[in-house]
């Protein structure tokens, strides 16, 4: 038969403990309860049998041997039966700890009917019940039961002490006072000390469980960081692969279609197209080789980082397969002085320049694939001091498009991811004329470096007018 699943603990209970009203426990918990009850019974009966011989063998014995009940006598049987009853009640301490506490502590009160010197052995199951209750239930819920248990212990042990010691011979009031003091002392040792020790043990157990949970949480957080880093690296590699493949392979596919139409009508142009296909194939292999080199640990790859200046060469190479026009607007001069032009993209970070290069590369590839034959204009506006604007705009297609792959859309997604990564502003969408436009605005990390003015010949102030 399958074992029952443990139910969640009530709020505020100790970790690993079952609630006071839990109707189901596991087989392991049942075995633990049986072992606790059996061990209590064995220890109690063992002390009941072994204490008289041990005291008889001790020459400095305080209690006379004759004061102990004889084995199998009436008082002895009452004590043995009481111990067995208390041990049996401990079997349900997990399900009802408060009820077990009252039941176990009430047995010594009933056993007062046959008072003996060994009556204190009945406090052993009470100690066990107190420990189990404090371990398995919050103290705020069971403290009234603990107080009632202490009262029952005071009543039972005070009564036994009053009868066994003859405290009433010196006066009833004095005897009751002494008996109550003895009962309170027994109650402190039976209830108070076990509660304090058990609370310390439970606190240490909760601290250990909290540290384990914290370590587990730290491990999970580290795993989450690793997974996030791996995901970012995978996305970055996917962007690089897509940019390389989309730019070069789309050009190869377009030129192959043109070659197929020219091979019979214009062999010379077809040969030129084949040479361009070869150049594109060599370029894509070189880019892939560099990307693989970046991923290898044993050999660092030497790779030049693409910049805004490289967009000029990118547009020049794109002219071989489509009508691409380049419009570069550098910074204007300051005042009437002739100023040398500053470097293109000055003040823009290297990562932002790479994003600009990849964005233009993807836009040109998309224009060649989806709008073949349409004119395409690449505009680089570097006149503003706080930003750099790049715009790629193509007209409507003049010949039927080759179509797109089922996995299309990754190019635009990669553009947006790169723009978000560098904090740039990206706008894409159709134009009124039926074409498509891609606009990228990059902020400068630093103000552009002012170019030095061109040296001019100044008149000598000591000379007079000519």
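Sorting 318-326, 262-270 by average packing, meaning the other beta carbons within 10 Å per residue, from highest down gives 318-326, 262-270. With the cut-off at 16 Å, report for region 357-400 the share of all Cα pairs above it, as a whole percent. Percent of Cα pairs beyond 16 Å in region 357-400: 42.
Tell me, what is the FRET efficiency for residue 253 and residue 229 to the nearest 0.05, using R0 = 25 angstrom and their Cβ-Cβ distance as r? According to the calculation, E is roughly 0.10. Relative contact order of region 27-221, taken over Cα pairs closer than 8 Å and 6 or more residues apart, is 19 percent. In a fully extended conformation the segment linking residue 211 and residue 32 would gain 61.9 nm over its present Cα-Cα distance, using 0.36 nm per residue. Estimated translational diffusion coefficient (Stokes-Einstein, Kirkwood radius over Cα pairs, 10 °C, 1.306 mPa s) of region 27-221: 87 µm² per second.
Read-outs throughout are calculated quantities, based only on the coordinates presented, and are distinct from any laboratory measurement. None of the values given here were measured: they were computed from a predicted structure. Every residue, glycine as well, gets a Cβ built from its backbone with ideal geometry; the counts of neighbours run over all protein chains shown.
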